[in-house]
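Okay, so here's the structure we're looking at.
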Amino acid sequence: QVQLVESGGGLVQAGDSLRLSCTASGRYFGTYAMAWFRQAPGKEREFVAGISTGGVTLPYAGSVKGRFAISRINTENSVYLQMNSLKPEDTAVYYCAAKYGGVAVQRASYAYWGQGTQVAVSS
C-alpha cells in the first residue's frame with residue numbers, strides 16, 4: 001500500500017508557472033505507475049498526465065499538451081507536474097494517483113489517491 005501527499009498548489013496569475021509535487025510513503029514506489037488528475041468545480045475528475053514505472057509518459061490531455069510535463073524520481077519516491085503558461089481554465093484541485101501495472105488514463109484504474117492540492121489561476 002502507498003500513501004500519497006501532494007504539495008505545490010497555490011494562487012497564480014495567467015501565464016505563470018507552478019510545480020506540483022507528490023511524495024509517496026511506503027515501499028516499492030518504483031513499482032507504481034503514477035498519474036495526475038484534476039477536478040474543477042462542478043466537473044468530473046479528469047486525466048492530466050501519466051508516467052510509467054520506467055519513466056515513459058502517456059500522451060497528455062489535449063488541454064495541457066505542450067504546457068505541462070510529468071516526471072518522477074524513484075529514489076525520492078516522488079512524481080512532479082511542471083505546469084507552465086497557466087490559464088484560468090487550469091483552475092482545479094489536482095490529485096496524484098498510483099496503481100500497480102501499466103499506466104492508464106482511466107480514473108477507475110487507480111487504487112491510491114492523494115488528498116489533492118488546489119491550483120487557482122486568475123486572469
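Among the residues of the range 46-61, not a single one is touching a Leu at 6+ places or on another chain (Cβ under 6 Å) and closer than 15 Å to G116 by Cβ. The set of residues from the range 8-37 being open to solvent by 30 Å² or more (accessible area, probe 1.4 Å) and either in contact with a Phe, Trp or Tyr (Cβ under 8 Å, 6 or more places away or on another chain) or in a loop (DSSP other than H, G, I, E, B) (or both) comprises G8, G9, A14, G15, D16, S17, R19, G26, R27, Y28, T31.
Give me the pairs: first residue in the range 102-117 and under 19 Å from A40 (Cβ atoms), second residue modelled with pLDDT under 95 and part of a helix (DSSP H, G or I), beta-carbon distance under 9 Å, and six or more apart or on different chains, which are they? Hits for this filter: zero, empty list.
The values are calculated or read from the model by the stated rules, or taken from the named source; none is laboratory data. Please read these numbers as outputs of a predicted model, since none were measured by experiment. Using ideal geometry, Cβ is built from the backbone for each residue, glycine included, and neighbour counts are taken over all protein chains shown. Only protein heavy atoms, including side chains, enter the accessible area calculation; ligands, DNA and RNA are left aside. Shrake-Rupley method; radii C 1.70, N 1.55, O 1.52, S 1.80 Å.
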